[in-house]
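Asks: So that we are looking at the same thing, I have put the structure below in structure tokens.
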Amino acid sequence: MISPSHIAIIMDGNGRWGLKKYNNRNKGHYYGLLNINKVIEHCIKIKIKYLTLYTFSTENWNRPKKEIDYLFFLFKYFYKKNFNKLNKNNIKIKFIGDLKNIPKDLKIIIKKIEDKTKNNDAITVIFAFNYGAKSELVNAFKNIIKNKTKVNEINEELINNYLYTNNIPDPDILIRTGGEKRLSNFLLWQLSYAELFFINKNWPDFNFFDLKKVIKAFGVTKRKFGGLNE
Ligand code: IPE
Ligand code: IPE
Ligand code: MG
């Protein structure tokens, strides 16, 4: 049995869950947020070292302002309510995404959280916030050119170093809840060799049992990386 060190999750289906249960999409976002705490705890229990969570995509700006405002309110609420506990549980928190173009108050909170948890080492939880893989690559290429990189210096390692995820190993597993089978601009480079799991449950309902099923299926997967695994 092999075990994963990095799990990435597209936490989808909050809106549908909220609509079905409370006739209100935002309720789904609220309960989705509560589930993040539980899933982090499960991941620590099974010794996952990195957990990357897709919380807001560069395309999510296309949603109604009312929903975006609520999501931003929730992020602030989440960090305010949970920061001490996360820090006490030795959780290191990082953010990836276009953090230049988000409200200033959130920028300050993000910086503070990263700073205060930087020496924790039970797990690294990476929040992909205002994240889009294409925008990440555009940003990387711009910086590569800005630094006057020579053509023959460009290789996969160098590109890795210019991504938001530099120093973070690629995910072994991608989980998407909510039933859709697409990547929605998430970690396109880093997921090259991830094992993909699409779960027919909305994010607020995703639980420890579902996670363990994924880990078990991953455990017996033959990862070949283009070779023959003989
Ligand atoms: C994912 O749930 C959470 C965010 C995008 C912030 P959705 O809000 O996309 O839920 P559905 O897919 O509409 O049900
Ligand atoms: C992906 O879900 C983004 C997050 C989970 C944050 P979306 O609901 O935005 O993706 P699409 O629109 O269904 O592709
Ligand atoms: Mg969705």
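Computed from the coordinates by the stated procedures, all read-outs in this text should not be read as laboratory data. Since the structure is predicted, the reported quantities are computational estimates derived from the model, not experimental observations. Neighbour counts are summed over all protein chains in view; Cβ atoms, including those assigned to glycine, are modelled from backbone coordinates with ideal geometry.
Asks: Hey, if you drop one equal point scatterer on each alpha-carbon of the chain and run the Debye formula without solvent, what base-10 log of I(q)/I(0) do you get at q = 0.13, 0.15, 0.18 Å⁻¹?
Replies: -0.81, -1.09, -1.54
Asks: To the nearest 0.05, how large is the calculated FRET efficiency for residue 149 and residue 68 if R₀ is 30 Å and r is the Cβ-Cβ distance? Walk me through the numbers on the way to the answer.
Replies: Working: r = 36 Å, r/R0 = 1.20.
Approximately 0.25, to the nearest 0.05.
Asks: GNM, the chain, Cα, under 10 Å: largest mean-square fluctuation among 204, 103, 169?
Replies: Of 204, 103, 169, the most mobile in the Gaussian network model is 103.
Asks: Follow-up. Round to a whole angstrom and tell me the spacing of the C-alpha centers of the range 27-87 and the range 128-182.
Replies: 22
Asks: Once you keep just the Cα pairs under 8 angstrom separated by 6 or more residues, what percentage relative contact order results for the chain?
Replies: Values: 337 pairs, mean separation 69.1, N = 230.
The value is 30 percent.
Asks: For the range 138-198, which trypsin sites (Lys or Arg not before Pro) pass both filters: DSSP loop (anything but H, G, I, E, B) and at most 15 other C-beta atoms within 10 Å? Display every interim value, and only then the final one.
Replies: Details: sites: 142, 146, 148, 150, 176, 181, 182; in loops: 148, 150, 181, 182.
Filter output for the range 138-198: 148, 150, 181, 182.
Asks: Once you've got the GNM for the chain with C-alpha springs shorter than 10 Å, pick whichever of 107, 118, 94 has the biggest mean-square fluctuation.
Replies: Maximum fluctuation in the GNM of the chain, among the listed residues, is at 107.
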